[in-house]
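The structure under discussion appears below in the form of structure tokens.
Bear in mind these aren't lab numbers, they're just calculated from the coordinates by the rules spelled out. Just so you know, these numbers come straight off a predicted model, no measurement behind them. Cβ placement follows ideal geometry from the backbone for every residue including glycine, while neighbour counts extend to all protein chains displayed.
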Amino acid sequence: MTSGPAGTTVDTEAPAAYLERYGRMLLIRLFETEMQRLFLKGEVHGTTHLCAGQEAVPVGVCSALEPGDWLAGTYRGHGHALAKGTDPDALIAEMLGRATGVCGGRAGSMNVIDVEHGLVGCFGIVGGSIAAATGAALAAKREGRVSVAMFGDGATNQGYFHECLNFAKVFALPAVFVCENNFYGEFTPMQNVTAGQDIAARAGAFGIPSNTVDGNDAWAVRDAALEAVARARSGGGPTLLECQTYRHYGHSKSDPAPYRPPEEVERWLARDPLTLARTRLLESGVSELDIAEVEDATRARMDRAVGAALAAPYPDPETERGTEFAP
Amino acid sequence: MTSGELEFRVAIREAIIEEMERDPSVVFFGEDVAAEQGGVFAVTPGVQERVGAERVFDTPISELALSGAAFGAAVAGLRPIIEIMFGDFMGLAMDSLVNQSAKYWYLSNEQRSVPLVVRSAVGGGGRFGAIHSQTHATWFQGIPGLKIAFPSSPAEAKGLLKGAIRDDNPVIFLEHKRLYSVKGPAPGAGEDVIPLGTARIARPGQDLTIVSAGKGVADALAAAGRLAGEGVEAEVVDLRTLRPLDLDTVLESVARTNRVLAVEEGPRTGGWASGLLGVVAEQGLHDLDDAWLLATGELPIPYSPTLEDAFIPGEAAIASSVRERAGLAVS
């Protein structure tokens, strides 16, 4: 990205990056498909919250970040981790409770932490990611880094949202608050429980700039994120991005989502972020052959990751008990 | 104040300043901590002037944001000290501390720990009423990954706070309101950092062991002074940290005295004292002739001076409890 005329930014990205971004989105989709399959086989335990359908948001946001920037994700966080750079082998192994997992099998689906790749963590309590990212922004400010909070529409009714937006603005923290508005908080329609029904508008009360974005369009997300990240890094303080999107599955593994009208589901499925991205690639002059090559490589990558995880050992409770405190 | 004497609130202030001057990654924020008065208990006046507004600052009245920000900042490389003004307000800060900070080291497979300190004023006796007088330590007693420090004197306050700031784990740090104006000897050279996790014998004695923490230790020492005049020599164990609990020091003391009284300013049910006596029974039953605890009733802390004074076990209550315990062998 370079500075353009009249304060605008010009995205100088090459088509190779387009292809990389599509591949990353596909990796997340395949990951979630595998999660669903492995859950039904009894290999994934407890519960899972799949993000299929929402891939464009984390991939678009993370394409605007630099290594060293922080991101805090949610319990619907597999896409957050993979977009931030977490190794798919280590992530799938974590889901399967294996010793080779990114957290050694201690964390599971809802609590993934990957400090090496700037993932503060995934937070199992709604709104927790907002606070974690706000805190990371305090540290990031010293180093010219940026900190991103991912959260859902439900989190915007938590105290964390209001307190942390205020806190971040008061101290001009380099934070980007990214709401993945998938229009349902668990089983409840967002509009039934959200006063004002306009999440982006809530930023106005704090004097925080905001943007409502098509969250199924990775390019639109990236453009909005580039602007927000540039503002944060240059000392301009936080931004709220409301990325409107839709989950293809229910809230969690036990939820077939009967509360969603079929015509609504159809409408959103017709705007699948992967289909939109693929079309965008072709329109940008990327060849069908190059796309197919990435698709094949991504499928092979995911197959390898699943195979390795299924073959990996479980942690041994005798030797891998862990310690309560850091020394 | 005479030379070499230290006031409790000044001990806290000195610990913060000295550690911040030693380590640039330490930051300190909270409600009114940087204000000229240095908070409602005048603990931190002048700290911001000394260390700078970049690292010491006032926050909104916003405990969720405060505690959450401390957690995230600690993960990302800072060492925050935050003040949650009254311990009672910790109800608002629980998620970041219990669900995030405490579990991070373990859940992350030891990728990173969360070095932060949460200071709060606690305890009754100040006529602050039920919701500004609690001792919140036991709310956190059963949370693996948290440390809980509760100093009993100015020298202990300075040493334990410095130890807490240098500790790589999240620490809940309790400051009893009725100790802030207490003066005592300053720590000696080279003795001003106390690593967390080791109790101390605050007073040796052979007839019984009184175990407490925070202001309870000061009360136990005063009671022991009275009892000494009556021929009873009480050993006083200052736990210093309620988590981790230094059971070895307690068990060794009980092995010598065979009697143990635990004094807690908080309800009997679910407190650290009942837990401690349980473990003493489990691991030291053969040494025990008697074990009992002195705690508060199962009620909120009342406001009226007559009610509050009767509610909280202090020096007189400890001394009379020891006297009344029938069968106490006096050597």
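The amide H of A:VAL148, built 1.01 Å from its N in the peptide plane, has A:TRP70, A:LEU71, A:ALA72, A:VAL176 as neighbours under 5 Å, considering only residues 5 or more places off or on other chains. 3J(HN,Hα) along region B:36-46: 3, 6, x, x, 5, 9, 6, 8, 10, x, x Hz, from the Karplus curve 6.51 cos²θ - 1.76 cosθ + 1.60 with θ = phi - 60°, whole Hz, x for Gly and Pro. Against chain B, whose longest principal axis is taken from its Cα atoms, helix B:215-228 shows a tilt of about 30°.
Considering only beta bridges that DSSP places wholly inside region B:5-185, some 10 percent are antiparallel.
Sites listed here are GluC sites (Glu not before Pro) in region B:48-111 whose DSSP assignment is loop and whose Cβ has at most 11 other Cβ atoms within 10 Å: B:GLU54.
Around the amide H of B:ARG79, modelled in the peptide plane, lie the amide H atoms of B:VAL26, B:VAL27, all under 5 Å away and 5 or more residues distant in sequence or on another chain.
Please report, in debye to the nearest 20, how large the charge dipole of chain B is about its Cα centre when each Lys and Arg carries +1 at its beta carbon and each Asp and Glu carries -1 there.
In total the dipole reaches around 140 debye.
Using the Cα gyration tensor of chain B, with a ≥ b ≥ c the square roots of its eigenvalues, what is the shape: rounded (a/c below 1.5), prolate (a/b larger than b/c) or oblate (neither)? Cα axes put chain B in the prolate bin. Shape of chain A from the C-alpha gyration tensor: rounded (a/c under 1.5, with a ≥ b ≥ c the square roots of its eigenvalues). Is the shape of region B:203-312 best called rounded, prolate or oblate, per the rule: a/c under 1.5 gives rounded, else a/b larger than b/c gives prolate, else oblate, with a ≥ b ≥ c the square roots of the Cα gyration tensor eigenvalues? Cα axes put region B:203-312 in the oblate bin.
The angle separating the long axis of helix B:154-166 from the principal Cα axis of greatest extent in chain B is about 50 degrees. Ordering A:SER287, A:SER234, A:MET25 by Cα displacement along the dipole of chain A toward the positive end leaves A:SER234 in first place; charges were set at the Cβ atoms of Lys, Arg (+1) and Asp, Glu (-1).
Distance distribution P(r), region B:5-185, all Cα-Cα pairs, bin width 10 angstrom from 0: 10, 41, 38, 10, 0 percent.
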